[in-house]
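Below is one structure; the comments refer to it alone.
The values are calculated or read from the model by the stated rules, or taken from the named source; none is laboratory data. Owing to the predicted nature of the structure, the values given are computational and were not obtained by experimental measurement. Methodologically, a virtual Cβ is constructed for each residue, glycine included, from the backbone with ideal geometry; neighbour enumeration extends over all protein chains shown.
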Amino acid sequence: MNKIEVHDLNLFYGDFQALKNINMNIEVNKVTALIGPSGCGKSTFLRTINRMNDLINGVSITGDVLMDGKNIYKDYDVIDLRKRVGMVFQKPNPFPMSVYDNIAYGPRIHGIKNKYELDAVVERSLKAAALWDEVNDRLKKSALGLSGGQQQRLCIARVLAVEPEVVLMDEPTASLDPISTSKIEDLIDHLKEKYTIVIVTHNMQQAARISDYTAFFLMGEMIEWGLTEKLFYKPEDKRTEDYITGRFG
């Protein structure tokens, strides 16, 4: 079942066309990886799914992006959309406040004020991000004191606290060491039971390990998209094969 459907999507920064006629579906409760060389449009595409590109001057978009059959540009309020479609960035970006307040921030904005409710949300979110056991005795201490890997899992917990349906991840392990990367990959595998996940990664081994579907982008085009195993072992397009085997990129 499709959670998101993309039809004839084009995106321009002024006169420059960054995305060219993208068509793909993103299945519910699956991990979809976006791969391709730097500057190929994969992060731009990721940001169209929660309308982050709206914040950039001179951007124009044609085509349709549907979530649950409704057009995200016409049928959703952008605040509601970003509650339903959370985002984790490349570098951990915890707020300069306590671990507890980082997680409670979103729920408070959305109207939860009761301390017991907030306590429950914080605990549930940190457990979902596999971080509770490491930080439950330092909830009132600054999140900036956590390690890089812990900060990134905190940022994932912060996204989960507002109960999204889709989680976007833009190279979430790029700045992490191998052990922290492995923890995040295990976490992604666990989270897809409840969430639909789209991840941009430069690491093809990571895409092969954690994703159900993979899309290969090149110079603003989506060259190929399908089941990860098929795309990696029997790509249909020569350009996909060349990229995966390291002939370019």
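Taking the stated definitions as given, is Asp137 of a type in the set (Asp, Glu), at pLDDT 95 or above, farther than 27 Å from Glu193 by Cβ and surrounded by fewer than 21 Cβ atoms within 10 Å (Cβ to Cβ)? Yes, satisfied. Restricting attention to the range 188-232 and to residues that are touching a residue at least 24 places away in the same chain (Cβ under 8 Å) and among the basic types (Lys, Arg), the residue that is surrounded by the most Cβ atoms within 10 Å (Cβ to Cβ) turns out to be Lys192.
Criterion applied to Lys113, Lys183 was being surrounded by fewer than 16 Cβ atoms within 10 Å (Cβ to Cβ) and among the basic types (Lys, Arg), and the one residue passing it is Lys113. Residue selection: Leu187 fails the criterion of being closer than 23 Å to Thr44 by Cα and among the hydrophobic types (A, V, I, L, M, F, W, C). Check whether at least one residue in the range 160-182 is within 27 Å of Glu117 (Cα to Cα), in a helix (DSSP H, G or I), in contact (Cβ under 8 Å) with a residue 40 or more places away in the chain and in contact with a Gly (Cβ under 8 Å, 6 or more places away or on another chain), and report yes or no. Looking through the range 160-182, at least one residue is within 27 Å of Glu117 (Cα to Cα), in a helix (DSSP H, G or I), in contact (Cβ under 8 Å) with a residue 40 or more places away in the chain and in contact with a Gly (Cβ under 8 Å, 6 or more places away or on another chain). Scanning the range 130-152 for residues that are in a helix (DSSP H, G or I), touching a residue at least 24 places away in the same chain (Cβ under 8 Å) and farther than 15 Å from Thr181 by Cβ yields Val135, Ala143, Leu144.
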